[in-house]
């Protein structure tokens, strides 16, 4: 989920549920609502300690880490401000947890119980970093600023806050129900992938029988017919099948690529067998990140390996 949506939802939750206590901790709550995404500044430590749990959306996206971070930061904050440590710790833990819970709704897995468990989870109901919610969040920030500076009546501000709060509640409830409903009607070879706009989604289908591979990607909505975006039926030689398996292993060894759904495109040219592994979750407007692996047919060795972003051939 994008930075601004975390910020806005954190502010909305505080305004609805905590304003009766005090407004003094609003910015503190917002800070903890965005704190897990500040893990992007841990990159120097990642290179030094060579730990995948210092990656973005990794070890920081944990309820356990949130509780510990809230205690440490809350203790320092309480010491310098003479505010109640218990209240500060509670607010920090709650809003850090809200961030983790929102990211659990997305299509990118996170280790939400790290370090007690390294197993990663995601609910797969919303695209990670959705541009749709980003735009809605930016519109809210503009609207609340206009109302705040032009209307002395606080009730107008709270009206705007309530409208956007109910919008996000209905939006994410709709996403969750849609995910459950579509999954219920899919077979074991199919997978639901949410689209950017809430009315659209994709169905990915994969079948592997011996050396015959069949992959397809269809775009659907609740109000229109199914559109076939991609279809690939390939008969591989035993050697090509072995190289395909090696390519899948390489994808699974990468911390981020292993989180996503890969589908291949095969190219054969001048003794080179190439596989483009497109990844569906970060796909935008039929453009996706892909890993291209070029194998030397004679030796089976990797000729070149490149990660790029490009269009899916339709």
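The values are calculated or read from the model by the stated rules, or taken from the named source; none is laboratory data. It should be emphasised that the depicted structure is a prediction, and the values quoted were computed from it without experimental measurement. Cβ: placed from backbone, ideal geometry, glycine included. Neighbour counts: every protein chain shown.
Cβ-Cβ distances below 6 Å connect the following pairs, each with a first residue in region 204-216 that is within 15 Å of residue 245 (Cα to Cα), a second residue that is surrounded by 14 or more Cβ atoms within 10 Å (Cβ to Cβ), and a separation of six or more residues or different chains: 206/215; 207/214; 211/236; 211/241; 213/234.
From the list 65, 139, 76, the lone residue that is at pLDDT 90 or above, more than 22 Å from residue 12 (Cα to Cα) and surrounded by fewer than 15 Cβ atoms within 10 Å (Cβ to Cβ) is 76.
With respect to (1) part of a helix (DSSP H, G or I); (2) touching a strand residue (DSSP E or B) at 6+ places or on another chain (Cβ under 9 Å), the lone exception for residue 219 is condition (1). Scanning region 227-255 for residues that are without any contact (Cβ under 8 Å) to a residue 12 or more places away in the chain and within 30 Å of residue 199 (Cβ to Cβ) turns up just one, 227. Taking residue 304 as the residue in question, decide whether it is outside any loop (DSSP other than H, G, I, E, B), closer than 30 Å to residue 201 by Cα and touching a strand residue (DSSP E or B) at 6+ places or on another chain (Cβ under 7 Å). No: the conditions fail for residue 304. Taking the criterion of being within 26 Å of residue 194 (Cβ to Cβ) and either surrounded by 15 or more Cβ atoms within 10 Å (Cβ to Cβ) or in the same structural domain as residue 201 (by TED's automatic domain parsing) (or both), the residues of region 144-165 that qualify are 164, 165. The condition of being within 27 Å of residue 283 (Cβ to Cβ), free of Cβ contacts under 8 Å to residues at least 60 places away in the same chain, under 18 Å from the mean Cα position of the chain (by Cα) and in the same structural domain as residue 18 (by TED's automatic domain parsing) holds for only one of 109, 119, that being 119.
Conditions (1) part of a strand (DSSP E or B); (2) surrounded by fewer than 16 Cβ atoms within 10 Å (Cβ to Cβ); (3) touching a helix residue (DSSP H, G or I) at 6+ places or on another chain (Cβ under 8 Å); (4) assigned by TED's automatic domain parsing to the domain that holds residue 266, marked per residue:
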{"site": "170", "(1), (2), (3), (4)": "no, yes, no, no"}
{"site": "178", "(1), (2), (3), (4)": "no, no, no, no"}
{"site": "202", "(1), (2), (3), (4)": "yes, no, no, yes"}
{"site": "205", "(1), (2), (3), (4)": "yes, no, no, yes"}
{"site": "224", "(1), (2), (3), (4)": "no, yes, no, yes"}
{"site": "229", "(1), (2), (3), (4)": "yes, no, no, yes"}
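The helices (runs of 4 or more DSSP H) falling completely within region 1-63 that include 3 or more residues that are within 24 Å of residue 125 (Cβ to Cβ) and in the same structural domain as residue 133 (by TED's automatic domain parsing) map to 3-17, 26-34. Assuming residue 295 fulfils every condition listed in (1) surrounded by fewer than 19 Cβ atoms within 10 Å (Cβ to Cβ); (2) on the phi < 0 side of the Ramachandran plot apart from one, which condition is it? Failing condition for residue 295: (1).
Annotation note: of 76, 88, the sole residue that is more than 30 Å from residue 256 (Cβ to Cβ) and in contact with a helix residue (DSSP H, G or I) (Cβ under 8 Å, 6 or more places away or on another chain) is 88. So for region 43-59 (the condition being within 28 Å of residue 165 (Cβ to Cβ) and at pLDDT 90 or above), does at least one residue qualify? No. Filtering region 241-258 for residues that are surrounded by 13 or more Cβ atoms within 10 Å (Cβ to Cβ), outside the structural domain of residue 108 (by TED's automatic domain parsing) and assigned to a strand (DSSP E or B) leaves an empty set.
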